[in-house]
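Chemist: Quick one: the structure is below, and I'll ask about it shortly.
The values are calculated or read from the model by the stated rules, or taken from the named source; none is laboratory data. None of these values were measured; they are calculated from a predicted model. All Cβ positions, even for glycine, are placed from backbone atoms using ideal geometry, and neighbour counts span all protein chains on display.
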Amino acid sequence: MAIRIAVIGGQPDILRAAAHYGLDTVLFHAPGKAGPDSAELCEQVVDVDLLDEEAIAAEVRRAHADRPFRRVLTLTEPGLLPAARLNAELGLGGNSPRTVELLKDKSAMRLLLADTGLSPVRHRVVQGADELAAFLAGLGGPAIIKPLDHGGSADVQRIEGPADADAAWREVERVGRSRMLAEEYLEGSEISLEAFSVAGRHTVVAITDKLLGPRFIEFGQAVPAELGPELTEASIALTQRLLDAAGLVEGPSHTELKLTPAGPRIIESHNRTGGDSIPELVELAYGVDLVRMAVGLPLELETWDHAVPPAKGGAAIRFIEADPGTVTAVRRPTAERDGVSIALKATEGTVVPPLTWSVDRVCGHVIATGRSAAEAIERCELTLRDIDVVTAPAPAQGVRP
């Protein structure tokens, strides 16, 4: 009888990986949100609110009682903690809930780093404008505030000093938050390390270079990041020490670092693959399928000697930008470029929202390969010049009499 697994949320790539191994998969996903082909790739699709952990647990327990699962898997941020708790409850193994909590809760991770002497960054959880102003006054420089548990650069602000605390906190309250993590602003470029762990051994498969846009939203990724040997070694060592301290046992991880003048500093980490098609870029550059590994290695369906092949080239992604409003026209390239694929999602009538977090990048993206990351980036940029998404501003909302 085939091995049976539960998958919480996510895109069809994890389902295709499970199908590769001949697994029976039950997908637990938000109603109507499962990706194309999901039903064909699964034994069953169960509708459930992915923000309701109790509802997820009840559905997984019910299905497990009918026929046991070998493991509960997920590559989605909302599913990480429910999966860990269910694996622990059902005795299925995997990463502990405590490990996942440490990586999900940004303030808990900062406390862990402080306790272990890793990546010192001044920080404080603040619950009002006065506390934020006091932190800024003691800091003597700019700060970042961000939610304790969220992704996609949602609600992240840079604040220059105490005088800006009131305005910043009004924005926090406007989006319905009451607690934020305040951290000293770190100067430097940003990278992420895509690692995979087996039995507590962490191997960095690739290092990704990032392009940040307004509000620290990521508008591009490139693999491999072109760092010197010393900085590469320091970044890998710091990441491995973080994952050791958190107690990560298995699976993929995505750790973001700032390359400051004082050396690499940890921004955050997650026990999942990175977003923005990073697994696809890693596979294009290295031939390593992180998603397939996330399914096959924990179930011991294959082995891995932790050897990472040298990059066979570079890969990059760039997101297509447009002014907020309703799309009235779309121009795309008339000729194809070698090594370039275009996912142009904007069509006439598409509403482009103001840019507040990564989900607002609704127009699509370009992915390119090249002999190096620099060449892949250049191909992306040249292609973007041939794409034009024209919008008409949304009409001003008048006051009803």
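Chemist: Just name the residue that is farthest from HIS306 (Cα to Cα) out of those in the range 224-276 that are polar (S, T, N, Q) and crowded, with 19+ Cβ neighbours inside 10 Å.
Modeler: From the range 224-276, those polar (S, T, N, Q) are 232, 235, 239-240, 253, 255, 260, 269, 271, 273; that's our starting set.
Applying the additional criterion that residues be crowded, with 19+ Cβ neighbours inside 10 Å yields 235, 239-240, 253, 255, 269, 271, 273.
Numbers: SER235: 18, THR239: 16, GLN240: 14, SER253: 15, THR255: 18, SER269: 20, ASN271: 18, THR273: 17 Å.
Selected residue: SER269.
Chemist: Hey, could you check the range 252-272 for residues that are hydrophobic (A, V, I, L, M, F, W, C) and part of a strand (DSSP E or B) and say which is farthest from the chain's Cα centre (by Cα)?
Modeler: Across the range 252-272, the extreme among qualifying residues is LEU259.
Chemist: What are the residues in the range 170-185 that are over 25 Å from ILE266 (Cα atoms) and either assigned to a strand (DSSP E or B) or of a type in the set (A, V, I, L, M, F, W, C) (or both), if any?
Modeler: Kept after step one, since they are over 25 Å from ILE266 (Cα atoms), are these residues of the range 170-185: 170-171, 173-176.
VAL175 - this is the single residue of the range 170-185 that is over 25 Å from ILE266 (Cα atoms) and either assigned to a strand (DSSP E or B) or of a type in the set (A, V, I, L, M, F, W, C) (or both).
Chemist: Criterion first (touching a residue at least 12 places away in the same chain (Cβ under 8 Å), in a helix (DSSP H, G or I), within 15 Å of HIS270 (Cβ to Cβ) and charged (D, E, K, R)) does GLU101 satisfy it?
Modeler: On the way: touching a residue at least 12 places away in the same chain (Cβ under 8 Å): yes; in a helix (DSSP H, G or I): yes; within 15 Å of HIS270 (Cβ to Cβ): yes; charged (D, E, K, R): yes.
So GLU101 fits the description; yes.
Chemist: So, restricting to strands (runs of 3 or more DSSP E) that lie completely within the range 5-89, which ones have at least 3 residues that are at pLDDT below 95 and surrounded by 15 or more Cβ atoms within 10 Å (Cβ to Cβ)?
Modeler: Details: elements: 24-29, 44-47, 71-73.
Answer list for the range 5-89: none.
Chemist: Considering every residue within the range 238-245, establish whether at least one is closer than 15 Å to SER269 by Cβ, out of contact with any strand residue (DSSP E or B) (no Cβ under 9 Å at 6 or more places or on another chain), at pLDDT 95 or above and not β-branched (Val, Ile, Thr).
Modeler: Let us first name the residues in the range 238-245 that are closer than 15 Å to SER269 by Cβ, namely 238-245.
Checking the rest, the ones that are also out of contact with any strand residue (DSSP E or B) (no Cβ under 9 Å at 6 or more places or on another chain) come to 241, 245.
Those left that are additionally at pLDDT 95 or above: 241, 245.
Within this subset, residues satisfying the condition of being not β-branched (Val, Ile, Thr) are 241, 245.
Yes: the range 238-245 contains one or more residues that are closer than 15 Å to SER269 by Cβ, out of contact with any strand residue (DSSP E or B) (no Cβ under 9 Å at 6 or more places or on another chain), at pLDDT 95 or above and not β-branched (Val, Ile, Thr).
Chemist: Which members of the range 345-390 meet the condition of being closer than 14 Å to GLY325 by Cβ and out of contact with any strand residue (DSSP E or B) (no Cβ under 9 Å at 6 or more places or on another chain)?
Modeler: Selection gives PRO353, PRO354, LEU355.
Chemist: In this structure, does LEU148 turn out to be in contact with a Ser or Thr (Cβ under 7 Å, 6 or more places away or on another chain), part of a helix (DSSP H, G or I) and under 30 Å from GLY10 (Cβ atoms)? Outline the logic, then answer.
Modeler: Working: in contact with a Ser or Thr (Cβ under 7 Å, 6 or more places away or on another chain): yes; part of a helix (DSSP H, G or I): no; under 30 Å from GLY10 (Cβ atoms): yes.
No.
Chemist: Within the range 160-206, how many residues are surrounded by 19 or more Cβ atoms within 10 Å (Cβ to Cβ) and under 23 Å from GLY251 (Cβ atoms)?
Modeler: Number satisfying all stated conditions: 11.
Chemist: State whether one or more residues within the range 242-259 are farther than 27 Å from ASP149 by Cβ and not assigned by TED's automatic domain parsing to the domain that holds LEU80. Explain how you work it out, then say what you get.
Modeler: So in the range 242-259, the residues farther than 27 Å from ASP149 by Cβ come out as none.
No; the residues of the range 242-259 include none that is farther than 27 Å from ASP149 by Cβ and not assigned by TED's automatic domain parsing to the domain that holds LEU80.
Chemist: Looking at the range 212-222, is at least one residue among the β-branched types (Val, Ile, Thr) and either surrounded by 15 or more Cβ atoms within 10 Å (Cβ to Cβ) or within 30 Å of ALA376 (Cα to Cα) (or both)? Give the steps one after another, and end with the answer.
Modeler: Start the filter on the range 212-222 by keeping residues that are among the β-branched types (Val, Ile, Thr), which leaves 217.
Still in the running and either surrounded by 15 or more Cβ atoms within 10 Å (Cβ to Cβ) or within 30 Å of ALA376 (Cα to Cα) (or both): 217.
For the range 212-222, residues among the β-branched types (Val, Ile, Thr) and either surrounded by 15 or more Cβ atoms within 10 Å (Cβ to Cβ) or within 30 Å of ALA376 (Cα to Cα) (or both): present.
Chemist: Of the numbered conditions (1) closer than 30 Å to ALA6 by Cβ; (2) of a type in the set (Gly, Ala, Ser); (3) out of contact with any strand residue (DSSP E or B) (no Cβ under 6 Å at 6 or more places or on another chain); (4) not in a loop (DSSP other than H, G, I, E, B), GLY138 fails exactly one; give the number of that condition.
Modeler: Failed condition: (1).
Chemist: Right, another one. Of all residues being among the hydroxyl-bearing types (Ser, Thr, Tyr) and out of contact with any His (no Cβ under 7 Å at 6 or more places or on another chain) in the range 161-220, which is farthest from GLY287 (Cα to Cα)? Just the residue, please. Even if it seems obvious, please write down each step before you answer.
Modeler: Step one: of the range 161-220, the residues among the hydroxyl-bearing types (Ser, Thr, Tyr) are 178, 185, 189, 192, 197, 203, 208.
In the following step, the residues that additionally are out of contact with any His (no Cβ under 7 Å at 6 or more places or on another chain) were identified as 178, 185, 189, 197, 208.
Details: SER178: 44, TYR185: 36, SER189: 26, SER197: 18, THR208: 15 Å.
Ranking the candidates gives SER178 first.
Chemist: Okay, next question. Here are some conditions: (1) in the same structural domain as GLU283 (by TED's automatic domain parsing); (2) surrounded by 18 or more Cβ atoms within 10 Å (Cβ to Cβ); (3) out of contact with any His (no Cβ under 7 Å at 6 or more places or on another chain). GLN157 meets all but one. Which one does it not meet?
Modeler: Against the list (1) in the same structural domain as GLU283 (by TED's automatic domain parsing); (2) surrounded by 18 or more Cβ atoms within 10 Å (Cβ to Cβ); (3) out of contact with any His (no Cβ under 7 Å at 6 or more places or on another chain), GLN157 comes up short only on (1).
Chemist: Checking ASP115 against (1) touching a strand residue (DSSP E or B) at 6+ places or on another chain (Cβ under 9 Å); (2) surrounded by fewer than 16 Cβ atoms within 10 Å (Cβ to Cβ); (3) modelled with pLDDT under 95; (4) outside the structural domain of GLY10 (by TED's automatic domain parsing), which single condition isn't satisfied?
Modeler: (1)
Chemist: State which residue is nearest to LEU382 (Cα to Cα) when the search covers only the range 330-350 and only residues that are in a loop (DSSP other than H, G, I, E, B) and of a type in the set (Lys, Arg).
Modeler: To start, the set of residues in the range 330-350 that are in a loop (DSSP other than H, G, I, E, B) comprises 332-339, 345-350.
Adding the requirement that they be of a type in the set (Lys, Arg) leaves 332, 337, 345.
Numbers: ARG332: 12, ARG337: 9, LYS345: 19 Å.
Taking the candidates together, the pick is ARG337.
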